Amino acid sequence: MFVNSLRNRDLLSIADLSVEELRSLIDLSFKLKELYYNGLKYLNILNGKIVALIFEKHSTRTRISLQVAIEQIGGRSLYLSSQELQLARGEPIKDTARVLDRYVDGVAARVYSHKSLLELAEYAKIPVINALSDFEHPLQALADVMTILEFKKDMKKVKVAFVGDGRDNVAHSLMLAVTMLGGSIYIATPVGYEPDARLYNIAKEYAEKSGGYIAIVRDPVEAVKDADVIYTDVWVSMGQETERDKRIKDLKEYQVNKELVAYAKNDYIFMHCLPAHRGEEVTEDVIESPNSVVWQQAENRLHTAKAAIASILR
Ligand code: CP
Ligand code: NVA
C-alpha cells in the first residue's frame, strides 16, 4: 500500500520522484481518502514519530493539512515558526539541521529560498520535505494532480492551461507533475515570467517520454482554448511584495475571468492553490462558479499529505 522506495527520502521537488513513485503516491492518496470517508480517519502508521514543521512564511493549508495528516496517521508534529528559533538570530541552517536530526524523525520546511532547503537536506540525515520554497511546491502538486484525476480520469487526455506567473513555485511543480503523467500543459505568461529553464527542460523530457506536451505561450486565449483545466496562482507570491506594482501591471492581461474561461471546454475545472486574490489573478464569478473545484483541491492536500508522510516516515 505504501510507496516503499520513498522511505527516509527527502521530497524537495516533484523531480525527486520517479513516474512510478508519483503514480503510487496518488493511488495511495485515493485509498486514504476512501478510508477517511469510510470512517477510518485515524490510523496508526507512524507509531508516535515526531515531525518538525519549520515555517518562515505564513500558511493555512500546508501547515494545517500537515499537522492534521501527521496526527491522523499516528504521529506528532511540532510547529516551529522560524522567528522563534535561533535561526532568526543567525544560527546557521546547517547547525539547526544537525540538532533537529537528534530530536525528531523528519522535518518539513517552508522557506524563502530553495537553497535553505538544500542546505537543510544536506546536513540532516532525517527526511526533509519541501512545504513550499520560492522555487517549488511539491505537496501542492500532489493534490493538484489527484484533483485533476478525480474529475478528468485520464491525464493523457487532459489539457491544462496555467495562466499567470510562469515562474511561480506552484506552476513549476504542476508542470513537472502533469508532464510526468502524460498530460499537456500550456503556460500563458508574459515575457520575463517564463518558468525556470532547467525545470522547463525536465518537464519537456517528461513530456517526450510520457506522450504529454508543454508549451509557453503569450496569449492566454491560446492556452485556455479547449482546456480541461484552468489553473492560476497569485501574481505576487510571498517574498515578492516589493515587486507588487510591477507584477500587477505586467500580469494584468492574464486574469482568469468570464471572458477568458468561455474559450475552455464547457466542463472545464477551475483550480487555484489558494489563497486567491479576487480581482487580481481571478474574478469572484469564476472562483465561485460551478466549474471551480478549489475546495475539493484544498481538501486533497490532507489526503496527499498523508500519503507522502506515511510513505516517507513509516
Ligand atoms: N496552497 C497553500 O500552500 O496554501 P497555504 O499557503 O495556506 O499553506
Ligand atoms: N505562489 C504562492 C503560493 C502560495 C501557496 C506563494 O508562494 O506565495
Honestly segment 11-51 on the Cα gyration tensor test (a ≥ b ≥ c root eigenvalues; a/c under 1.5 rounded, otherwise a/b vs b/c for prolate or oblate) is just oblate
Tilt, helix 294-313 to longest principal axis of the chain (alpha-carbon atoms), in degrees rounded to tens, equals 40 degrees
With +1 on the Cβ of every Lys and Arg and -1 on the Cβ of every Asp and Glu, the dipole magnitude of segment 23-85 about its Cα centre, in debye rounded to the nearest 20, is 140 debye
Diffing segment 148-158: the Karplus 3J(HN,Hα) column from phi (6.51, -1.76, 1.60, θ = phi - 60°), in whole Hz with x for Gly and Pro, holds 4, 5, 4, 8, 10, 6, 10, 4, 5, 9, 9
Reduced to Cα centres, the span from segment 42-68 to segment 229-304 in Å works out to 26 Å
Between residue 11 and residues 5 or more places away or on another chain, the pairs with built amide H atoms under 5 Å apart involve 128, 129, 130
Note: probe point = Cα of residue 79 + 7 Å toward Cβ; backbone nitrogen < 12 Å; residues of segment 50-72 passing the test are 53-55, 58-68
The ³J(HN,Hα) series, computed from each phi in segment 223-230 with the Karplus coefficients 6.51, -1.76 and 1.60 at θ = phi - 60°, rounded to the nearest Hz and given as x for glycine or proline, is 5, 7, 4, 6, 6, 8, 9, 10
Binned at 10 Å from zero, the C-alpha pair distances of segment 180-303 give percents of 12, 39, 39, 9, 0
Once both label points are put 7 Å beyond Cα along the C-beta direction, the residue 259-residue 274 separation in nm becomes 2.9 nm
Binned at 10 Å starting from 0, the alpha-carbon pair-distance distribution of the chain in whole percents comes out as 6, 28, 35, 23, 7, 0
Given backbone amide H placed at 1.01 Å from N, residues whose amide H is under 5 Å from that of residue 282, ignoring those fewer than 5 places away on the same chain, are 256, 277
Here segment 200-216 yields Karplus 3J(HN,Hα) values (6.51, -1.76, 1.60; θ = phi - 60°; whole Hz; Gly and Pro given as x) of 4, 5, 5, 4, 5, 4, 4, 4, 4, 6, 8, x, x, 7, 9, 8, 9
For residue 200, the accessible surface traced by a 1.4 Å probe with all protein chains present amounts, in square angstrom to the nearest 10, to 40 Å²
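The values are calculated or read from the model by the stated rules, or taken from the named source; none is laboratory data. Given the structure is predicted, the values throughout are model-derived calculations rather than measurements. Cβ sites come from the backbone with ideal geometry, for glycine too, and all protein chains shown count toward neighbours. Accessible surface is based on the protein model in full, side chains and every heavy atom, while ligands, DNA and RNA are left aside. Shrake-Rupley method; radii C 1.70, N 1.55, O 1.52, S 1.80 Å.
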